[in-house]
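Single-structure report; data block below.
The values are calculated or read from the model by the stated rules, or taken from the named source; none is laboratory data. Keep in mind it's a predicted model, so treat the numbers as computed, not measured. As a convention, Cβ positions derive from the backbone with ideal geometry for all residues, glycine included, and neighbour counts pool all protein chains shown.
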Amino acid sequence: MIHLADIKKLITEERFADAEEQLKLYIDGNPNDEAAHFLMGNLHRKREDWQGALNEYQAAMDINPDSPARMAYDAIQEVLAFYNKDMFNQ
């Protein structure tokens, strides 16, 4: 049986591929688990996969509009709005 606490540990250990595999299995069996989607969003964020993170945070917010995913979603949106590619091409 897969437990979110075990997946969190994998993420802490930076075993991202293992964590993602376990999370996908968990979410397949528990598609309405807000915490799992939030955790998957965090995993994507750690990999700097901003679109993946936003998608998972949105899934968590669809389940629970008051989810802590809202703060994470808004934070990523602020970072992406601030990011200016032209600054790196000078």
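What to note about this one:
- The residues in region 66-84 that are in a helix (DSSP H, G or I) and either under 14 Å from I11 (Cβ atoms) or not β-branched (V, I, T) (or both) can be counted, and the count is 12.
- Contact map, region 31-46: residues that are without any contact (Cβ under 8 Å) to a residue 24 or more places away in the chain paired with residues that are surrounded by fewer than 19 Cβ atoms within 10 Å (Cβ to Cβ) and part of a helix (DSSP H, G or I), Cβ distance under 6 Å, separation 6+ or inter-chain. Pairs shown: H44/G52.
- Filtering region 64-78 to residues that are touching a residue at least 12 places away in the same chain (Cβ under 8 Å) and surrounded by fewer than 17 Cβ atoms within 10 Å (Cβ to Cβ) leaves N64, P68, R70, Q77.
- The set of residues in region 17-54 being loosely packed, with under 15 Cβ neighbours inside 10 Å and of a type outside the set (D, E, K, R) consists of A17, L25, G29, N30, P31, N32, Q51.
- Pairing each residue of region 3-27 that is touching a residue at least 60 places away in the same chain (Cβ under 8 Å) with any residue that is surrounded by fewer than 14 Cβ atoms within 10 Å (Cβ to Cβ), provided the two are 6+ apart or on different chains, yields no C-beta distance under 6 Å.
- When we screen Y83, Y26, Y73 for residues that are hydroxyl-bearing (S, T, Y), at pLDDT 95 or above and more than 25 Å from M1 (Cα to Cα), the only hit is Y73.
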